[in-house]
Amino acid sequence: MNKDNCFQLGHIAKVHGLHGEVGIVLDVDYPEDYEDLKHVFVEQKSRLVPFFLEHFVWQHSNKVLAKFEDYDTVEAAAPLVGSGLFLPLSQLEELPEDQYYYHELIGFEVLDEVLGSIGEVKVIYDLETQDLMGVDHQGKEVLIPIQDGIVMRVDKVAKKVYCQLPTGLLDIYLED
């Protein structure tokens with residue numbers, strides 16, 4: 001499976017118990033939507049490898065207890081800790097016209113109400129404290145927060161993100 005055709009579901013956070021179970025942290029808005037999973041792709045050495053699940057039990061919030069087939073000991077499961085979990089993009093729910101997934105913004109043009117074209121979204125940083133768009137502006141990466149009041153609207157058809165950037169944000173990145 002090609003990583004470009006997938007979205008990251010979460011990551012393996014720790015080994016749980018003595019029989020190869022792992023604790024997983026999901027990075028999705030509705031973790032309960034994934035409780036019937038039969039398989040996932042686990043990132044290993046920059047490749048996505050299919051893993052079949054014996055169980056995938058939603059515990060609370062965004063935490064899951066999982067057991068992969070043929071991983072029956074702590075020693076077998078331990079090397080998986082820290083690995084990303086992925087699913088094909090085709091498994092994402094279709095969103096209404098006015099909603100979007102962050103990964104869809106890559107390649108979109110960012111336009112500011114005052115400054116005009118800022119540049120193209122190259123990467124999305126999904127951080128615990130804040131989500132950011134990494135935008136190429138005059139050869140430099142500018143980080144734009146993805147939040148109400150800054151991102152005004154997204155036109156998926158035209159591939160444009162309309163923003164109202166905070167005064168001075170670009171200046172910070174353009175200083176030498």
Can you report the number of residues in the range 1-15 which are in contact with a Lys or Arg (Cβ under 9 Å, 6 or more places away or on another chain) and at pLDDT 95 or above? 1
Condition met for S90 (among the hydroxyl-bearing types (S, T, Y) and at pLDDT below 90): yes
The range 1-18, residues that are closer than 18 Å to K45 by Cα and either among the aliphatic types (A, V, I, L, M) or touching a residue at least 40 places away in the same chain (Cβ under 8 Å) (or both): M1, N2, K3, N5, C6, F7, Q8, L9, G10, H11, I12, A13
Matching residues in the range 41-86 - criterion: being within 23 Å of the chain's Cα centre (by Cα) and part of a loop (DSSP other than H, G, I, E, B): K45, S46, S61, N62, V81, G82, S83
Which listed residue, of V64, V81, V49, V57, is touching a Pro at 6+ places or on another chain (Cβ under 8 Å), assigned by TED's automatic domain parsing to the domain that holds D27 and hydrophobic (A, V, I, L, M, F, W, C): V64
Suppose we filter the range 28-44 for residues that are at pLDDT 90 or above and surrounded by fewer than 11 Cβ atoms within 10 Å (Cβ to Cβ); how many remain? 1
When both residues are 6+ apart or on different chains and their Cβ atoms are under 8 Å apart, which pairs have a first residue that lies in the range 73-102 and is in contact (Cβ under 8 Å) with a residue 12 or more places away in the chain, and a second that is of a type in the set (D, E) and part of a helix (DSSP H, G or I)? E93/D33
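The values are calculated or read from the model by the stated rules, or taken from the named source; none is laboratory data. Keep in mind that what you see is a predicted model, and the values were worked out from it rather than measured. Reconstructed Cβ throughout: ideal geometry from the backbone, glycine too, with neighbour counts over all protein chains shown.
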